[in-house]
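The values are calculated or read from the model by the stated rules, or taken from the named source; none is laboratory data. The structure displayed is predicted, hence computed values, not measured ones. Positions of Cβ are backbone-derived with ideal geometry, glycine not excepted, and every protein chain shown enters the neighbour counts.
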Amino acid sequence: MTNHPQHQESTFRPLSGWLVLPLNLALILGSLGVIFATVEDRRHPLWYVGLAFLALLGVLILCGYFVVSPNQSRVLVLFGTYRGTVRNEGFWWTNPFSIKRMISLRAHNLNGKALKVNDLLGNPIEIAAVVVWRVKNTAAAVFDVENFEEYVSVQSESAVRQLAQSHPYDAGHTELTTTSLRGSDEIAHELKRYLETRLEQAGIEVVEARLSHLAYAQEIAAAMLQRQQATAIIAARSMIVEGAVGMVEMALQRLGEKQIVHLDDERKATLVGNLLVVLCSHENPQPVLNTGSLYT
């Protein structure tokens, strides 16, 4: 595909409307006043035609006025030629035959709809994003794309799909990447980079982009919830066992240092087993009284 050169914005300096307005009104009112004042003099018809022409010219000049509000701009096109962009707020006048298209320079919010796509591992997920954008190059926004607002919407959806297919939903499920879709800051920066690459052609600046919705698709949500719960249980059990082993080791060390009781290997094994049962048990252990000896 051939990439056409991007249109670059240029500044156009129109005339102040407050300077042209008095002359415009004087032309219209003066011409009409002379016509009515000399209608009884029966002058040559060309006299009245000329005055009527001046009055119509004054009416035509009225079409050249336009207003630029704060954070807005006007793209001027005269007979198919781009004349420039007016960004300065105020009351202005230019050639009446110019097309004056208003382009907002304010920040826009795009709240994307939830998309159903597959992540890096092929799991169906639901994902949506919020994009804050504004027009940076008015010439490119008007002339390089058909409808820049629709262009932003379509390209944002495409960028979100590309992002979802490049990362897994959760971290640790693959060695292809270390970043999951739940890594908010890194994912937000990557999404913004995708959008900037796609929207540069339309002269759009991406202010911020973040995921607004992320969940497993309904058909696998229950299974994925069970897997997450199992992973959490295993991680918790591993931490409990690690802590219990440390406590048993400390208990044997303290008993040996204080010489409270002398334990042979078999008694140590029994003590270790009892302590691990107490510390690692999911339920509260029930005490059992042993009145005999370990060897009887």
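Might you let me know whether the stretch 108-116 holds any residue that is closer than 21 Å to Leu191 by Cα, touching a His at 6+ places or on another chain (Cβ under 8 Å) and either exposed (fewer than 14 other Cβ atoms within 10 Å of the Cβ) or in contact (Cβ under 8 Å) with a residue 12 or more places away in the chain (or both)?
Within the stretch 108-116 (the criterion being closer than 21 Å to Leu191 by Cα, touching a His at 6+ places or on another chain (Cβ under 8 Å) and either exposed (fewer than 14 other Cβ atoms within 10 Å of the Cβ) or in contact (Cβ under 8 Å) with a residue 12 or more places away in the chain (or both)), the answer is yes, since at least one residue qualifies.
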The stretch 102-128, residues that are farther than 16 Å from Gly203 by Cα and charged (D, E, K, R): Lys113, Lys116, Asp119, Glu126
Could you check how many residues of the stretch 71-101 are over 24 Å from the mean Cα position of the chain (by Cα) and in a strand (DSSP E or B)? 18
The correct count of residues that are within 14 Å of Ala141 (Cβ to Cβ) and of a type in the set (A, V, I, L, M, F, W, C) in the stretch 71-118 is 5
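The rows are residues; the columns are (1) surrounded by 13 or more Cβ atoms within 10 Å (Cβ to Cβ); (2) in a helix (DSSP H, G or I); (3) at pLDDT below 90.
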position	(1), (2), (3)
Glu150	no, yes, no
Ser153	yes, yes, no
Gly172	no, no, yes
Leu214	yes, no, yes
Gln226	no, yes, yes
Members of the stretch 48-92 found to be at positive phi and not aromatic (Phe, Trp, Tyr), listed by number: Asn71, Gly80, Gly84, Gly90
